[in-house]
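What follows is a set of notes on a single structure, which appears directly below.
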Amino acid sequence: MRVRFMTLLAGWLALTAAGPVQAEPFADLYGGWSKSRNTDVSASQRTCFLVGCTTSTQTTQPLSFQSGLSAGARGGYWFDRLPWFGVAGDLSYYRTSSAPVQLDSVSLSATPMLRLPLWTTPEKPHGHVQPYIGAGPTLVLHQVSADFQPASPITLNGWSLAGGWTARAGLAVPISEHVAFFGEWRLSQDRVAFRQNGIFGMGNYGRLDTTQTTQHYLFGLSYRF
């Protein structure tokens, strides 16, 4: 329900601001690192044959994540009529790993954004310093790799698709007419609900469930057209 509301809000704001006005398009490239919050994971697995299935093996374990790579690209525009308001689409990759579980995540997000132009001059009408914030829904594709041995014989590997949300706050500093440097902090959360299914009622059946809450620390360059 929360993701649906944020999606509708983002669309309404974009339509309200768009109208017959020009905008300031931008394209960003960024990189940095991410750190996921410690959490619990539950997993189960069983093997099925023509004559029946083995007893399901289950485990619940705490995860303590290490820092990992985070990188991506973003495109969008700030509206001329409302220079404090913009919209953006974001494609990013980040890795979170612990001893039994590794998650490689690719996220696609739509984000309404607000900025505060500070120290404006005729040469830089949008300000010499531009703090900004944004939040919106996110669609995340996870590559799940889990190996709980020797504590449990469960091993899982495959893909999972889920929804979530991302909030961000940053500071952009223009360094030329078209280029700005920025630093950004993000908080993202999404559900990991991996399902492994056999073929024609046979093979390995498994599942893994957890919630991934991740902080991202990013730096990048923005090109304003």
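The values are calculated or read from the model by the stated rules, or taken from the named source; none is laboratory data. Since the structure is predicted, the reported quantities are computational estimates derived from the model, not experimental observations. Don't worry about glycine lacking a Cβ; one is built from the backbone with ideal geometry, like all the others, and counts go over all protein chains shown. Ligands, DNA and RNA are excluded from the accessible area calculation, which covers all protein heavy atoms including side chains. Shrake-Rupley method; radii C 1.70, N 1.55, O 1.52, S 1.80 Å.
Within the span defined as the range 79-97, one or more residues are open to solvent by 10 Å² or more (accessible area, probe 1.4 Å), within 30 Å of ASP147 (Cβ to Cβ), in contact with a Phe, Trp or Tyr (Cβ under 8 Å, 6 or more places away or on another chain) and modelled with pLDDT under 95.
Restricting the range 62-72 to residues that are assigned to a strand (DSSP E or B) and open to solvent by 40 Å² or more (accessible area, probe 1.4 Å), the residue that is farthest from MET113 (Cα to Cα) is PRO62.
Yes/no per residue for (1) open to solvent by less than 80 Å² (accessible area, probe 1.4 Å); (2) under 20 Å from LEU69 (Cα atoms); (3) modelled with pLDDT of 95 or more; (4) in a strand (DSSP E or B):
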{"position": "GLN149", "(1), (2), (3), (4)": "no, no, no, no"}
{"position": "ASN157", "(1), (2), (3), (4)": "no, no, no, yes"}
{"position": "ALA167", "(1), (2), (3), (4)": "yes, yes, yes, yes"}
{"position": "GLU184", "(1), (2), (3), (4)": "yes, yes, yes, yes"}
{"position": "LEU187", "(1), (2), (3), (4)": "yes, yes, yes, yes"}
{"position": "GLY203", "(1), (2), (3), (4)": "yes, no, no, yes"}
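Restricting attention to the range 69-78, the residues that are under 30 Å from GLN149 (Cα atoms) and under 12 Å from the mean Cα position of the chain (by Cα) add up to 1. From the list ALA180, ALA135, the one residue that fits, being open to solvent by less than 10 Å² (accessible area, probe 1.4 Å), touching a residue at least 40 places away in the same chain (Cβ under 8 Å) and over 20 Å from VAL101 (Cβ atoms), is ALA180.
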